[in-house]
Every structure is written in structure tokens, then in C-alpha cells.
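Visitor: Here you go, one structure.
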Amino acid sequence: MAYREWMCDPSKKREEYIQGVNEFLEFAFQNSQINGKIMCPCTKCANFHSYSPVCVYEHLTDPHRGFLRGYKQWIYHGEKPRTSSSATKQNVEMEHDMDGLVHDVFGIHSTEEPICGEGERIPEVRENSKFYKFVKENEQMLYPNCRKYSKLSFMVHLYHLKCLHGWSDKSFSMLLDLLRDALPEENILPKSYYETKKIVSGLGLGYEKIHACPNDCILYWDKYAKYEVCPKCSTSRWKTTNEDVQGNGMETSERRKKIPAKILQWHPADSLAWKNFDARCPTFSLDPRNVRLGVASYGFNPFKTMSITHSTWSVILIPYNLPP
């Protein structure tokens, strides 16, 4: 029998399921309770909110909730990962740990200390947020009764293969067409590479694009945000194309979408990741002697989306809170 198969009971009412929930509550309360509360692993709370065992029991036995798909290792409730047998390794491979991936991306982890009042967790996450969107994506079976892949896990694996082997966007979309035709009709595969990228890109590192002078004089932000020409060297903010020259006037340039001559991709020092870290470690964040570091890379191409032949990039380590 598969490991903790009882957690997949759709009715949430079978005797084996109720017994398993009670065993989970007993284990979780002994190993992870904070002020009499434990994190709720139901599909709505997603190990984000903490409640009393009675409340968690009600959530887990609700037919519309139940356990998060794939949460068969109770790592957020004090259980150590199982690595002692080949059967365990096979199980981990099948589950893909998408739940752990989503929690890592949004900075939601198990802690031994309460990080805000009454055992609740921060930062605040609304039910319509990206976090809950990914939780729901991971709850969706790729097709009815598919136990090995959720929609999210399958798309992440497929996108990974695209990046490793340099598939073109068109070939990826064509493969999706073939897979949709081969799988059961009720499958929920995206229809194109564009739709897949929209799903997967939310799991990446966020950044902001800031236009820059081609000669590195200024960044077009703050007081320079609306400038069209660099005030230092008088170089245009935008690329000049052959069509612009042939048009010999403003009509062609205005009709075409302007392309910035240079772009800086900035990973903010005040991003959600830093705010979450500050909330978890207030003593560290208040001490100005503790160093905050950022890593920057020029031309980094992890997903092979740029047509470059080399595989080396410059990496710069930047202190955020020290004077130059």
C-alpha cells in the first residue's frame, strides 16, 4: 500500500481517514505546537495559519478541504524527511515536493518560535494571492485520477526539460498539442508555451526593469524617469532602427513601440524576501553592524532564452547597508 494513502480519501469520512487525522493531530501537537496551536495543512490554510487541534480537525475532515496534495511527510509539524529506503526515495520522486517549493518561494517555513501574536504567521497572505494560486495549481490533478503529477508539477518538469535541451518556444507549444491529444480528454494542460511561462514564471525571482543611458551616465528613474535623452551626454534613451532612419520623421518612430537602448534589471533590497527576513529576525535587522548582501550578475542566462554561445557570467557581491 502506498505511503499514507488514507490522506487521499475524497470523502474525508472513512474510518481509516478519521483515524489518520487523529494520529496526525497527536503527532503535530507533541512536536510542533506553539501556544496550544499548530499549523493547519488543509488546502485553504496551506500550513500558513495556526489554529487549535479542534479547529484543524474540522478543516481536515471538511470534504471541500482535506490535506494539501502531496503533504505526506509532515515536515512542518516536526517530522524528519524519510531517506532510509529505496521505497521512500521513489515516493519522494513521485510527489515532486511542489508544496515545499511553493513554500520556499514565498518564504513560508516551519519555525520553532512564534513569529507573531497567537502563533499566527507572517507576512500576511490573502486568499487571492499568488501563494494561494500556486497552492490551488498544485491541488489540480493533471487529469482525473492522475496520482503522480499535478498540473503545476508537470509544467515545472516540462519547462525544466525545455531549458536543459534548448527547445524552441514553437516546438514546446507543438509538444503541448501532442500531449493534450494523447492524454485523457479531461486533462488541463496549458495550450501554449506562453501560458506555461505565465504559470512557471511566478515561481522565479522578481525584478524591476529600469532604463539606463547606453554610456552608463544615469538611470532613468526618480527625477530622470520621464527623460527621453540623457542630460549628461545627450544620447537618446531609445534604440534607433533602420526603419526610423528611412522614415525620416517622427511618424514611423511614434507608430512603432520604442525599444530602450539599455535596461538594468534590479532585484529590490526592500523586496518581500527581505521584509519576511526582517519579521523573522528582528534583532538582526535592527543591528546596523549586521551586513546585508545582494548578488548581481550580468547577462545571466539560466533558461537559455538569449542566443549567446558562452556559459560564463560576471558575478558581483554588493553590501546593501554599508557606505561605499
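The values are calculated or read from the model by the stated rules, or taken from the named source; none is laboratory data. Please read all numbers here as calculations on a predicted model, not as lab measurements. For neighbour counting, all protein chains shown are included, and Cβ atoms are generated from backbone atoms with ideal geometry for every residue, glycine included.
Visitor: State whether one or more residues within the stretch 86-107 are closer than 22 Å to R147 by Cα, at pLDDT 85 or above and out of contact with any Gly (no Cβ under 7 Å at 6 or more places or on another chain).
Guide: The initial filter retains those residues of the stretch 86-107 that are closer than 22 Å to R147 by Cα, namely 86-103.
Of the ones still in play, those that are also at pLDDT 85 or above are none.
No: zero hits.
Visitor: Now for a separate question. Identify all residues within the stretch 1-24 that are part of a helix (DSSP H, G or I), of a type outside the set (A, V, I, L, M, F, W, C) and either touching a residue at least 40 places away in the same chain (Cβ under 8 Å) or closer than 21 Å to C146 by Cβ (or both); write none if there are none.
Guide: E5, Y17
Visitor: If T309 satisfies all but one of (1) surrounded by 10 or more Cβ atoms within 10 Å (Cβ to Cβ); (2) at pLDDT below 75; (3) not in a helix (DSSP H, G or I); (4) not basic (K, R), what's the number of the condition it fails?
Guide: Against the list (1) surrounded by 10 or more Cβ atoms within 10 Å (Cβ to Cβ); (2) at pLDDT below 75; (3) not in a helix (DSSP H, G or I); (4) not basic (K, R), T309 comes up short only on (1).
Visitor: State whether the residues of the stretch 137-144 include one that is more than 22 Å from the chain's Cα centre (by Cα), within 25 Å of P190 (Cα to Cα) and modelled with pLDDT of 55 or more. Walk me through how you get there before you give the answer.
Guide: Step one: list which residues in the stretch 137-144 are more than 22 Å from the chain's Cα centre (by Cα), which gives 143-144.
Narrowing further to those that are within 25 Å of P190 (Cα to Cα): 143-144.
Next, from what is left, pick out any that are modelled with pLDDT of 55 or more: 143-144.
Checking the stretch 137-144: at least one residue is more than 22 Å from the chain's Cα centre (by Cα), within 25 Å of P190 (Cα to Cα) and modelled with pLDDT of 55 or more.
Visitor: Now for a separate question. Looking at Q19 and the list (1) closer than 16 Å to K72 by Cα; (2) buried (at least 18 other Cβ atoms within 10 Å of the Cβ), which single condition is not satisfied?
Guide: The single condition Q19 does not satisfy is (2).
Visitor: Tell me whether the stretch 25-33 contains one or more residues that are in a loop (DSSP other than H, G, I, E, B) and more than 29 Å from the chain's Cα centre (by Cα).
Guide: Applying the first criterion (in a loop (DSSP other than H, G, I, E, B)) to the stretch 25-33 yields 33.
Filter once more, so that each one left must be more than 29 Å from the chain's Cα centre (by Cα): none.
Looking through the stretch 25-33, none of the residues is in a loop (DSSP other than H, G, I, E, B) and more than 29 Å from the chain's Cα centre (by Cα).
Visitor: Out of the stretch 177-202, which residues are surrounded by 12 or more Cβ atoms within 10 Å (Cβ to Cβ), within 22 Å of the chain's Cα centre (by Cα) and closer than 30 Å to P10 by Cα?
Guide: I188, L189, P190, E195, T196, I199, V200, G202
Visitor: Consider only pairs whose beta carbons are under 9 Å apart and that are at least six residues apart or on different chains; among these, list those whose first residue lies in the stretch 40-62 and is on the phi > 0 side of the Ramachandran plot and whose second residue is modelled with pLDDT under 90 and of a type in the set (K, R).
Guide: Close Cβ pairs satisfying both conditions: N47/R121.
Visitor: Tally time: how many residues in the stretch 40-72 are outside any loop (DSSP other than H, G, I, E, B), under 27 Å from K148 (Cα atoms) and among the β-branched types (V, I, T)?
Guide: Kept after step one, since they are outside any loop (DSSP other than H, G, I, E, B), are these residues of the stretch 40-72: 42, 50-51, 53-60, 67.
This time we only want the ones that are under 27 Å from K148 (Cα atoms), so: 42, 56-57, 59-60, 67.
Next, only the ones that are among the β-branched types (V, I, T) stay: 56.
Summing the residues that are outside any loop (DSSP other than H, G, I, E, B), under 27 Å from K148 (Cα atoms) and among the β-branched types (V, I, T) in the stretch 40-72 gives 1.
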